[in-house]
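Working notes, beginning with the structure itself.
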Amino acid sequence: MTSFWSTRVLIGGAVVVLSYGLLAPGPVASAVYALVAASSVIAVVLGIRAGFKKDTTPWWFLAAGLTAWTAGDVYTGILENTQGGAPFPSWADAGYVVGYVLVVAALLVARDLFGRLVAPVDVLDAAMMTAGIGLASWVVVSAQFGDTPTSVWLGLFYTEIDVFVLVVVLSIFLRRRATTVTLVLLGVGLAIMVIADYGSYVWSAGPALNLVLNMLWLTAYVLFAAAAVRPESPPPEPTFSRRSTGLSRLALMTLAVALTPVAMTVQLARGVPASDWGSVAVVATGIMVAIGAVRVWMFLQLLGRQAQALRESATTDRVTGLATRNELERRLSRRLATDPWVGLVLVDLHGFADVNATFGYTDGDRMLKIIGARLSDAVPPGSVVGRLGGDEFAVVAGPLDERSATRLAAVVRAAVTAPIEMRDMRVTVDCSIGVALRACDGSGTGGAGITTAEGMIQRAHAAVGEAQRRHPRVAVYDRTMETDQANRVRRLGELEVAMRSGQLELFYQPRLDLRSGRVSGLEALLRWRHPDDGLLGPADFLAGAEATSVIGVLTSFVLDRALEDCAGWRSAGLDVDVAINLSVRNLVDSTLPEQVSEALARHAVPPSAVVLEVTETSAMTDPTRSVITMTALRALGVTLSIDDFGTGYSSLAYLSRLPVQQLKLDRSLVASIVDDEVDRAIVASTVDLARRMRLHLVAEGVENAESLEMLRQWGCDAVQGFFVSRPVPVDEVVPVVRALDAARV
């Protein structure tokens, strides 16, 4: 329907224009001409009233301009039919002049979804080209206008305005590779109008020429009408060809400037007195000089803005508005040269790539901006906050010693890990924080310390690596960390060999059911019997694996070995389950449910005998994908448990929607319930919360009989800790479990 009326106007208009060509000059032909011109005005008004145009301002200007042109045409027709011709100038020219001004105004105010069709710079360039090309064309056709001052200046106006309109139309189409049918109809109509105008200036009047010119003008009116009655559709997004547009402009402007002296030379060669054209040449030259000066000023302003933008891009992060890495290093270097107590706090976000994958880069950038703002608010005045990379922030602050740096790191961590509202849910991003101090040489004994920004950042990174294995995840650099980091890198390369050669083994820690007093299950804990480094715990090698694809292979190894061991215990008469820990990467691995299903079938272990433990932080890192994976695991019949509960910052409302059956209370809360009233209240409340949510509650970190008895009285379901049993090798599991069952703790 968008082209229904437009097509009919074009077809009907073509018939009328061709019919006009068959008419003899006279009143009938003049009436048909006036009718077509007036119809174009009516069509524009009807198109506006029908709601075909979203931005009506340029169309009202066009309607007014066409009305003025129509009035001039009607007056000219009357003079031709009553006096045999229209003098120049006449009152008809008033209509033509006003019409041109209004049509140009329509072009200048026209907009679409992507901004103005004609930018201010386009207007200036068109004016400069008009001054030169219009002057040259006026020299050619000036004899047609007469030699009175009025006819000279009116002729100059016509030639200049025609060139201006044509240049503006060309600039629109040169800049915009994508356009609309409406814009094409208008542009072609204006171009035909200009061509017909120049035809009337160049060639001597005659019946045949007048007929051709009139048919061209009528065609322009028809095209304007067709454009007006075509409903607007969203324009395709334009692509601007800056190179081709710039070359075209340069060529046209060079031509415009070059034509001015050429036109003056031609007039002198023709013997035309300078008094007849000198004032016109002076005005045209003055216009070009003035516009050239404005363009130079605009160019200098543009260069200034671009230079400022380059400076800002080098010093200010585009997403967060914080200092860039280069700027932070520069300012850190300056502080290192003058402040012996300056420190660097490095913040490494966990799982931020998964946030981008789940919510998209727009929401990911919004999260970075929020975290950056929180950091800026949390740090002391005079500190420098920067973003080092995708998920790394840094704070340069001082004066800092180890104690004040640790306090600042705790404040920073609290600011970063506070929940963030994302699409009607609260999302938490965990982080590790490493601190490097100028006043410490890394041995903990003071000294000259480090003096380069690169060295400070390197040490802070080493501290981050250590923080990832601590709770809370904060570490201040000391020299042993570099050795530890080198060892971790070495061990990561040795892991796959360790799996193949039998160096990895599982220890198991019993979990005691407080109602029956019997062991209900065992948690699988990975150990590495390293040939050089001795028996290593997970903290010594798992962090590197979790950062790479090795964690997937390692999880498959643990899953297979744990289910094999569980099958053996059950064959020996132990009615126990086995708990296996999962990482963040496991939760976003869509193949994990299939791996678990195959392992259950391979070892003939019932799903009810398997507990899969995830931390609340890992479950909330990518909640959408985590829930999908956890739901698929739950469908297999395995038990899902939230490990280290009480240390994260997840929303309880969202946690209630996770498909879990068990909560495992973190050891940091349980270990102090005998002596700490606050922790005691937290644990007691959590036991009640779990009961109300119908979740099985396990308390980790039970170190003494008093803690166990408190938990039993509060209604806790099960406990785990050194008081019950330390982790034991697989060959000791059966006797340890039987001994605990016999003791009935």
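Table for the structure above
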{"read-out": "Qualifying position, being aliphatic (A, V, I, L, M), assigned to a helix (DSSP H, G or I), in contact with a helix residue (DSSP H, G or I) (Cβ under 8 Å, 6 or more places away or on another chain) and modelled with pLDDT under 90, among Ala29, Ala86, Ala71", "value": "Ala29"}
{"read-out": "Search result, residues across region 193-224 that are of a type in the set (Phe, Trp, Tyr), in a helix (DSSP H, G or I) and at pLDDT below 80", "value": "Tyr198, Tyr201"}
{"read-out": "Some residue of region 3-20 being touching a Leu at 6+ places or on another chain (Cβ under 6 Å), closer than 16 Å to Leu186 by Cβ and among the β-branched types (Val, Ile, Thr)", "value": "no"}
{"read-out": "Evaluation of Ala357 against (1) closer than 19 Å to Val427 by Cβ; (2) at pLDDT 85 or above (one fails), failing number", "value": "(2)"}
{"read-out": "Residue that is farthest from the chain's Cα centre (by Cα) [pool: residues in region 704-727 that are surrounded by fewer than 18 Cβ atoms within 10 Å (Cβ to Cβ) and of a type in the set (A, V, I, L, M, F, W, C)]", "value": "Ala705"}
{"read-out": "Matching residues, region 316-347, being among the polar types (S, T, N, Q), in contact with a helix residue (DSSP H, G or I) (Cβ under 7 Å, 6 or more places away or on another chain) and closer than 21 Å to Pro380 by Cβ", "value": "Thr320, Ser333"}
{"read-out": "Single residue of region 529-554 satisfying the filter (buried (at least 19 other Cβ atoms within 10 Å of the Cβ) and outside any helix (DSSP H, G or I)) that is farthest from the chain's Cα centre (by Cα)", "value": "Leu536"}
{"read-out": "Hits in region 287-321 - residues which are surrounded by 11 or more Cβ atoms within 10 Å (Cβ to Cβ) and polar (S, T, N, Q)", "value": "Ser313, Thr315, Thr316, Thr320"}
{"read-out": "Wholly enclosed helices (runs of 4 or more DSSP H) of region 306-421 bearing at least 1 residues among the aromatic types (Phe, Trp, Tyr) and either within 22 Å of Glu466 (Cβ to Cβ) or in contact with a Leu (Cβ under 6 Å, 6 or more places away or on another chain) (or both)", "value": "352-359"}
{"read-out": "For Phe557: the one exception among (1) of a type in the set (Phe, Trp, Tyr); (2) at pLDDT below 90; (3) part of a helix (DSSP H, G or I)", "value": "(2)"}
{"read-out": "Of the criteria (1) more than 30 Å from Arg8 (Cα to Cα); (2) at pLDDT 75 or above; (3) surrounded by fewer than 16 Cβ atoms within 10 Å (Cβ to Cβ), which one Val184 fails", "value": "(1)"}
{"read-out": "Test result for Val9, over 29 Å from Glu232 (Cα atoms), in the same structural domain as Ala226 (by TED's automatic domain parsing) and either within 56 Å of the chain's Cα centre (by Cα) or among the hydrophobic types (A, V, I, L, M, F, W, C) (or both)", "value": "no"}
{"read-out": "Failed item in (1) buried (at least 18 other Cβ atoms within 10 Å of the Cβ); (2) among the aliphatic types (A, V, I, L, M); (3) part of a loop (DSSP other than H, G, I, E, B), with Val674 passing the rest", "value": "(1)"}
{"read-out": "Among (1) within 20 Å of Ala105 (Cα to Cα); (2) modelled with pLDDT of 90 or more - the single one Leu35 does not satisfy", "value": "(1)"}
{"read-out": "Within region 472-500, considering residues that are under 20 Å from Thr406 (Cα atoms) and at pLDDT below 75, the one surrounded by the fewest Cβ atoms within 10 Å (Cβ to Cβ)", "value": "Thr480"}
{"read-out": "Residue within region 71-93 that is in contact (Cβ under 8 Å) with a residue 24 or more places away in the chain, within 26 Å of Leu166 (Cα to Cα) and among the hydroxyl-bearing types (Ser, Thr, Tyr) present", "value": "no"}
{"read-out": "Test for Val97: is it surrounded by fewer than 21 Cβ atoms within 10 Å (Cβ to Cβ), of a type in the set (A, V, I, L, M, F, W, C) and at pLDDT 85 or above", "value": "yes"}
{"read-out": "Criterion violated by Thr451 - all others in (1) among the polar types (S, T, N, Q); (2) in contact with a Leu (Cβ under 7 Å, 6 or more places away or on another chain); (3) at pLDDT 85 or above satisfied", "value": "(3)"}
{"read-out": "Total residues in region 680-710, condition part of a helix (DSSP H, G or I), touching a strand residue (DSSP E or B) at 6+ places or on another chain (Cβ under 8 Å) and within 23 Å of Ser656 (Cβ to Cβ)", "value": "5"}
{"read-out": "Qualifying residues in region 1-45 (those that are within 19 Å of Leu209 (Cα to Cα), in contact (Cβ under 8 Å) with a residue 60 or more places away in the chain and among the β-branched types (Val, Ile, Thr)) - the one surrounded by the fewest Cβ atoms within 10 Å (Cβ to Cβ)", "value": "Val16"}
{"read-out": "Any hit, region 146-153, residues being surrounded by fewer than 22 Cβ atoms within 10 Å (Cβ to Cβ), over 27 Å from Gly286 (Cβ atoms) and either modelled with pLDDT of 70 or more or β-branched (Val, Ile, Thr) (or both)", "value": "no"}
{"read-out": "Residue in region 683-703 that is in contact (Cβ under 8 Å) with a residue 60 or more places away in the chain, assigned by TED's automatic domain parsing to the domain that holds Arg570 and surrounded by 17 or more Cβ atoms within 10 Å (Cβ to Cβ) present", "value": "yes"}
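The values are calculated or read from the model by the stated rules, or taken from the named source; none is laboratory data. In this text the structure is predicted, and so the values were computed from the model without any measurement. We place every Cβ from the backbone using ideal geometry, glycine too, and count neighbours over all the protein chains shown.
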